[in-house]
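Trainee: Starting off with a structure, shown below.
Readers should treat all values here as calculations from the given coordinates under stated rules, not as data from a laboratory. Just so you know, these numbers come straight off a predicted model, no measurement behind them. All Cβ positions, even for glycine, are placed from backbone atoms using ideal geometry, and neighbour counts span all protein chains on display.
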């Protein structure tokens, strides 16, 4: 890469003298611009060495990649004279003089709380869907599977028990996650959640009936009658309680001497919050929660297929804004009381939108002559059809515009049918072509029909319109980004890579890179790979090779067989400025598989609220026919993690 030339091209695309401040992390330029309207996005996207761009929190971020980003940064700041800043300083500059959107701030809080507990809710939801398949009538005949095969009744019962647990004890999950987000001890939040669902209380689902028929027991607290009501399946009450316990804990930490702090702060926080919960906060927030639920049900019943069609039409634009991050909280409220709500209308609509964007992206795969675009469209379309739309939306559809619009229209039409036939989900799950597993059993056939409608319409509209537009614009020479062939250099690095195994650099629990809570890594814009939730803070070399990047929180290396590996420890850990990290290697140093290359303090990351997930990314993914994460949940350092299969074409198959 010609770093000076790339910096020059970036500066021209951003607009002369438009950079106010600049910083970088292991993979991206992080810039604060004076005027974002000056940015020539098409020109920026056309720069070969720019892997992607996005805007967040007042920052304009440009993805360059490890080993090159620091050199491009140096050339860019030298060229423009832009103020160099740390990432913390950059945040301050980005927010300086800008009002924080309270709605977006609130949505960010909800996202931070609910994203970590979604896996538990999805697990419970899918088990609930399985139980519905076993017990629903008129699905495989007039009678249910359990009725036809009595031997599976106990199996269905235990599945139902496991499915119900995350929702019955939802306050414990929410209490832990919310209190952590509000800066308190998450175990105190979990304790308050346990208090709110104690078996000695009237079950939250039966509180209304107990009050109506006069069977509700009361405590007499200083002359006040306090209902012994539980909060099973509740969301809003426990959010308020979590904020109170976190606030009280921080208050007492500041005012109680260290000699007594450890003993009395937790007790005072719990007892005060506990009384407030049952006397005031719980009942008040229950009314608000019931009002929200009833309001959503009313909205669905009143607007019908027209409202659902409009929601489906704009669902993908909502994803772009990030507003969809608030939906898990709303959906959890709907699913926590299925008996009243019938289920959630959000999940089926999201599925239609995701399928439509995936189908539109797949159409581009069949239209484009550009190998790079074809490669991205093939993987991104499959990802979108399975529920992860960021690669398709940001990598393909939005850049070309018309696939995104075609996807919106198709999703709107399919969502109108969803509303017309009252298709609701009874569980959380993957909003995708396999989303039928989360749908009410008697609505599964119609969900499948609507999915087909969404796919066929999006694919057909994109293909027909794209064939015409791209052919015309290619003839005029204005559509080279899509239609122009890329000539591969047979002597390039892509031609010399070999099959290889990349080994786990840390011990821990393996997960898909797409599950990482960072759009750059989860959308695989830096390349394919794997993620590990570490169980210890030691980083080892994942193969034999040469170190190319050494930052406190990230390492890059080129292996002897030609792969380029990025090991990124944690999310946003660049903000720690090296605190809690040690590095045992230098740039250019040769290492052998299993050599220790660094350490990080897991406890410190947890205490400061940082996600410690370690990303292992093959940054030259396009040099391989296949980059595949080895299946398995737990790994020790040195276990097989990623298998690389060679290609001589330089493009992913």
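Trainee: State the Cα centre-to-centre distance between region 345-365 and region 234-290 in whole Å.
Mentor: The two parts, judged by their Cα centres, are 42 Å apart.
Trainee: Okay, helix-only estimate at 222 nm for the chain: each DSSP H run of n ≥ 4 adds -39500 (n - 2.57), divide by all residues, round to 500 deg cm²/dmol; what do you get?
Mentor: Working: 23 runs with 314 residues, N = 653.
Calculated at 222 nm, the ellipticity per residue is -15500 deg cm²/dmol.
Trainee: Using per-residue counts of other Cβ atoms within 10 Å, averaged over each peptide, order 635-645, 352-362, 187-197 from highest down. Kindly include the intermediate steps, with their values, before the conclusion.
Mentor: On the way: 635-645: 18.0, 352-362: 32.7, 187-197: 22.0.
My ranking of the peptides, most packed first, is 352-362, 187-197, 635-645.
Trainee: Using all C-alpha to C-alpha distances in the chain, build P(r) with 20 Å bins and read off the rounded percent in each one.
Mentor: Per 20 Å bin, starting at zero, the Cα-Cα P(r) for the chain comes out as 16, 47, 32, 5, 0 percent.
Trainee: While we're looking at this one, here's another question. Percent of alpha carbon pairs in region 109-295 separated by more than 23 Å? Please list the in-between numbers first.
Mentor: Details: 9103 of 17391 pairs.
That tail contains 52 percent of the Cα-Cα pairs.
Trainee: Can you tell me what share of the DSSP beta bridges in the chain is antiparallel? A percent to the nearest 5 is fine. Working shown, then result.
Mentor: Details: 63 of 66 bridges.
So the antiparallel bridges in the chain amount to around 95 percent.
Trainee: Okay, next question. Within 10 Å, count the other beta carbons around each residue, average over each peptide in 198-207, 143-152, and list them highest first. Walk me through the intermediate numbers first.
Mentor: Numbers: 198-207: 15.2, 143-152: 13.5.
Peptide ranking by packing, descending: 198-207, 143-152.
Trainee: Once you compute Rg and the Kirkwood Rh from C-alpha atoms, what is the Rg to Rh ratio for region 244-304?
Mentor: Details: Rg = 18.4 Å, Rh = 13.9 Å.
On the Cα set of region 244-304, Rg over Rh gives 1.32.
Trainee: If I stretch the segment between residue 579 and residue 560 completely, what's the gain in nm (0.36 nm per residue apart, minus their alpha carbon distance), one decimal?
Mentor: On the way: separation 19, 0.36 × 19 = 6.84 nm, distance 3.14 nm.
Gain on stretching residue 579 to residue 560: 3.7 nm.
Trainee: Can you give me the angle between helix 444-475 and the longest principal axis of the chain, using Cα atoms only, in degrees from 0 to 90, rounded to the nearest 10?
Mentor: With both axes taken from Cα atoms, the answer is about 20 degrees.
Trainee: Here's another thing I want to ask about it. Tell me the angle of helix 282-321 to the major Cα principal axis of the chain, expressed in degrees between 0 and 90 and rounded to the nearest ten.
Mentor: Rounded to the nearest ten degrees, it is 30.
Trainee: I'd like the orientation of helix 102-114 relative to the chain: the angle between its Cα long axis and the longest Cα principal axis, in ° from 0 to 90, rounded to 10.
Mentor: Approximately 80 degrees, to the nearest 10.
Trainee: In addition: Eigenvalues of the Cα gyration tensor times 5, then square-rooted: what semi-axes does that give for region 233-344, in whole angstrom, largest first? Walk me through the intermediate numbers first.
Mentor: Numbers: eigenvalues 300, 61, 16 Å².
Each semi-axis is √(5λ); the values are 39, 17, 9 Å.
Trainee: Say a paramagnetic label sat at a point 7 Å from the Cα of residue 595, along Cα to Cβ; which residues of region 535-549 have their backbone N under 19 Å from it?
Mentor: 538-549
Trainee: Once the piece of chain linking residue 630 and residue 213 is laid out straight, how much longer is it, given 0.36 nm per residue of separation minus the C-alpha distance between them? Write out the running numbers ahead of the final one.
Mentor: Numbers: separation 417, 0.36 × 417 = 150.12 nm, distance 5.74 nm.
Taking residue 630 through residue 213 to full extension adds about 144.4 nm, to one decimal.
Trainee: Tell me, what is the percent relative contact order of the chain, built from C-alpha pairs under 8 Å that lie six or more residues apart? Before the final figure, lay out each step's value.
Mentor: On the way: 1281 pairs, mean separation 68.6, N = 653.
Reported as a whole number, the value is 11 percent.
Trainee: Follow-up question, since we're still on this one. How much FRET efficiency would the formula 1/(1 + (r/R0)^6) give for residue 198 and residue 469, where r is the Cβ-Cβ distance and R0 is 60 Å, rounded to 0.05?
Mentor: Numbers: r = 63 Å, r/R0 = 1.05.
That pair, residue 198 with residue 469, gives E of 0.45.
Trainee: Please give the peptides 222-228, 45-51, 538-544 ranked by average Cβ packing (other Cβ atoms within 10 Å per residue), highest first, as a rough proxy for protection. Don't skip to the answer; put the middle values down first.
Mentor: Working: 222-228: 11.6, 45-51: 15.1, 538-544: 22.0.
Averaged packing, sorted descending, gives the order 538-544, 45-51, 222-228.
Trainee: Sticking with this structure for a sec: Report the label-to-label distance for residue 645 and residue 187 in nanometres (one decimal), using points 7 Å from each Cα along the Cα→Cβ vector.
Mentor: Using points 7 Å along Cα→Cβ, the separation is 4.7 nm.
Trainee: I've got another one for you. Cα centroid distance between region 506-561 and region 160-191, in Å?
Mentor: Between the Cα centre of region 506-561 and that of region 160-191, the gap is 30 Å.
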